[in-house]
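One structure below.
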Amino acid sequence: MLEEIVRYKVAETTQRKQAFGIDRMLSRIEGARPPRDFAARLVGQGVSIIAECKYRSPSRGVLRADYDPLQLALDYQAGGASALSVIADSRFFGNAPHIVGQLANHPGLTLPVMYKDFIVDEYQVFEARALGADAVLLIVRCLPANTLGRLHRLATELGLQVLVETFDEADIDQALAADASIIGINNRDLDTFQVNFDRTAQLFGRLPASVIAVAESGIAGREDMRTVEAIGFSATLIGERLLAAPDPQLEIRHLLGLGVPA
């Protein structure tokens, strides 16, 4: 599936650059709001939550029938989330870049916003900042090593912070070589697609203490939050658990251990 998505993204981005070039994107960046400090919101007492907005996933289909990204983001903020991850993809996840902009610039939302897509081209990085995003996701598996480093530098130059997603030891080595300061470890084993926190803990051991570590995917409840906190993670990225919850605001509070039994 990842290879299929990457192929589509390469073709899609080529078409979009032709329709709305980088020069026009640069002019929009000049008027974008100043970036918020994504990294600073991830560190502190306990494990913070980056809460995700998306309509569907390729494997699970529609995740929330009454999906309203703005109301969802407001609920996430009220529940105690530290940042938002907003999917910019429409074909596979049912969101779109304009939703990133809607949430990044809404006066009632103050959380940092991460533009999340399968980034394969500098155009997407320019777009993220033009929309008002504060951070981007770069997935090591989607990019050649030299491209990862180049896009990471570009994002930093534009004032964006970068969460670099990894799956194994080689990915982590590439992330560190690109000077990543925020590194995500996907809790799902790509071979078995099972959540494996023992494997996550082994991968975490390769990270320098200076790196902000984010546990991604597969958080199913308060006990999993305790597990990743014990491993040493500063933050988690959670999507499907929150989207499936009847009350996302209450679910975040439960995951954080706020106002609910320990």
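What follows draws every value from the coordinates through simple rules; no lab data is involved. Source: prediction; values computed, not measured. Counting neighbours? That spans all protein chains shown, and the Cβs are built from the backbone with ideal geometry, glycine included.
Between C53 and S85, V86, I87, the built amide H atoms are under 5 Å apart, and every one of these is 5 or more places off in sequence or on another chain. Close amide H partners of S48, meaning residues 5 or more places away or on another chain with modelled amide H under 5 Å apart, are A235, T236. Ranked by how many other Cβ atoms sit within 10 Å of their own Cβ, fewest first, the residues C53, C142 fall in the order C142, C53.
Under the combined filter of DSSP loop state and at most 14 neighbouring Cβ atoms within 10 Å, the stretch 134-202 retains these chymotrypsin sites (Phe, Trp or Tyr not before Pro): F193. Can you run phi through the Karplus equation (6.51, -1.76, 1.60; θ = phi - 60°) for the stretch 224-233 and list ³J(HN,Hα) in whole Hz, with x for Gly and Pro? Karplus values, whole Hz, x for Gly and Pro: 5, 4, 4, 5, 5, 5, 5, 5, x, 5.
Taking 0.36 nm per residue of separation and subtracting the Cα-Cα distance, full extension of the segment from Q15 to T110 would add 30.9 nm.
Counting trypsin sites (Lys or Arg not before Pro) as exposed when in a DSSP loop with at most 13 other beta carbons within 10 Å, what is the longest stretch of the chain free of them?
On the way: sites that count: R60, R91.
The longest such stretch corresponds to 92-262.
Of H254, H152, H106, the sequence from fewest to most neighbouring Cβ atoms within 10 angstrom is H106, H254, H152. Neighbour counting of Cβ atoms within 10 Å sorts the residues T227, T14, fewest neighbours leading, into T14, T227. Shown here: volume of the Cα convex hull per residue in Å³, derived from the displayed model; of the candidates [x] 152; [y] 119; [z] 253, it corresponds to [y]. Going by the alpha-carbon gyration tensor, a ≥ b ≥ c the square roots of its eigenvalues, is the stretch 22-105 rounded (a/c under 1.5) or, if a/c is not under 1.5, prolate (a/b greater than b/c) versus oblate? Taking the square roots of the gyration eigenvalues as a ≥ b ≥ c, the stretch 22-105 is oblate. Could you check the spin-label model distance between R33 and S210? Points 7 Å from the Cα along Cα→Cβ, value in nm. It works out to 3.2 nm between the two label points. Each label point was placed 7 Å from the Cα along the Cα-to-Cβ direction; for S57 and V195 their separation is 1.0 nm. In order along the stretch 30-46, the Karplus-derived 3J(HN,Hα) couplings, from 6.51 cos²θ - 1.76 cosθ + 1.60 at θ = phi - 60°, round to 4, x, 6, 5, x, x, 8, 7, 4, 4, 5, 6, 8, 10, x, 6, x Hz, and Gly and Pro are given as x. Shown in residue order for the stretch 66-71 are the 3J(HN,Hα) couplings computed by the Karplus curve 6.51 cos²θ - 1.76 cosθ + 1.60 at θ = phi - 60°: 9, 4, 9, x, 5, 4 Hz (x for Gly and Pro).
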